[in-house]
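Only one structure is covered here, and it is reproduced in the block below.
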Amino acid sequence: MSASPNTNGWVESATNTANTAGQHVADAAKATRDYVSDAANTTTNTAQQKKEETSGVLSDTAQKAREHVANAADSVSKAAKPEEEKTPGFLEKTGTAVVNTGQGAVEAVKNTIGMNDKK
């Protein structure tokens, strides 16, 4: 038994429809793969850029911290230098005051016992 001419047309039409549908599914699958691949690449690139930006910010922050520490150390050093420079003068003045106090005490004792009388 052979298929009727009308049945052959339906089979051919169904085959064409199935082939067309299969091609649409294949095209949709490819488009989906391309979209996902592009999204993954975009995400990877964005993550890399953010990593580089963060690394740059951290590097800048570390450099600024080093500069602040260096400036603070320099300020402390400069603030301490005048004290070092004042110390010898302070000691000299203190020594002179002690000597003068000692001489004054000697003169007071001489005056008290009458040894400082000028003849």
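Observations on the model:
- Here the condition is being at pLDDT 80 or above and open to solvent by 100 Å² or more (accessible area, probe 1.4 Å); of Lys119, Lys64, Lys86, Lys93, it holds for Lys64 alone.
- Taking the conditions (1) surrounded by 10 or more Cβ atoms within 10 Å (Cβ to Cβ); (2) modelled with pLDDT under 90 in turn, Ser4 satisfies each one other than (1).
The values are calculated or read from the model by the stated rules, or taken from the named source; none is laboratory data. Here the structure is a predicted model, which is why all the values come from computation and not from measurement. Every residue, glycine among them, receives a Cβ derived from its backbone with ideal geometry; neighbour counts consider all protein chains shown. To get the accessible areas, we keep the full protein, side chains included, count just its heavy atoms, and leave off ligands, DNA and RNA. Shrake-Rupley method; radii C 1.70, N 1.55, O 1.52, S 1.80 Å.
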